[in-house]
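Scroll down for the structure; my scribbles are underneath it.
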Amino acid sequence: MITGEEIKNARHKIGKTQEQLADETDYSLRQISRFENDKYLKRYDKVLQLIVALELYEPVKEEKVDM
């Protein structure tokens, strides 16, 4: 199962805030926060497994962050 920590790390890797990710995915900021805190992820686990098994996802692409 994907963990909230993995979601948070992937978000950081691409340089997005929770708010930016919420806007892009049509999830609420509150839901993104819940995912990152491992709440409600079990509800989505079977769907995530299906998506991965069918290769219906795009790998996370790292974006360059200007500093």
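So, in segment 27-40, how many residues would count as being under 12 Å from the mean Cα position of the chain (by Cα) and part of a loop (DSSP other than H, G, I, E, B)?
Residues that pass the stated criteria total 3.
Where residues in segment 11-20 are within 22 Å of P59 (Cβ to Cβ), open to solvent by 30 Å² or more (accessible area, probe 1.4 Å) and part of a helix (DSSP H, G or I), which of them is modelled with the lowest pLDDT?
K13
From the list L29, L41, exactly one residue is of a type outside the set (K, R), surrounded by 11 or more Cβ atoms within 10 Å (Cβ to Cβ), out of contact with any His (no Cβ under 6 Å at 6 or more places or on another chain) and modelled with pLDDT under 90. Which is it?
Details: L29 fails: modelled with pLDDT under 90.
On inspection, the qualifying residue turns out to be L41.
Inside segment 41-61, can you point out the residues that are outside any helix (DSSP H, G or I) and either within 13 Å of I7 (Cα to Cα) or touching a Gly at 6+ places or on another chain (Cβ under 9 Å) (or both)? Even if it seems obvious, please write down each step before you answer.
Initially, segment 41-61 is screened for residues outside any helix (DSSP H, G or I), giving 54-61.
Across segment 41-61, the qualifying residues are P59, V60.
For segment 24-64, which residues satisfy the criterion of being at positive phi and of a type in the set (S, T, Y)? Please lay out each step first, then the result.
Narrowing segment 24-64 to residues at positive phi: 26, 38, 40, 55.
Of everything in segment 24-64, just one residue is at positive phi and of a type in the set (S, T, Y), namely Y40.
Please state which of the following conditions D66 fails to meet, knowing it meets all the rest: (1) modelled with pLDDT of 85 or more; (2) assigned to a loop (DSSP other than H, G, I, E, B).
With (1) modelled with pLDDT of 85 or more; (2) assigned to a loop (DSSP other than H, G, I, E, B) applied to D66, the lone miss is (1).
The values are calculated or read from the model by the stated rules, or taken from the named source; none is laboratory data. Computed from a prediction, not measured in an experiment: that's the story for all the values here. FYI the Cβ positions are ideal-geometry reconstructions off the backbone, even for glycines, and counts take in every protein chain you see. Just the protein is used for accessible areas: all its heavy atoms, side chains included, with ligands, DNA and RNA removed. Shrake-Rupley method; radii C 1.70, N 1.55, O 1.52, S 1.80 Å.
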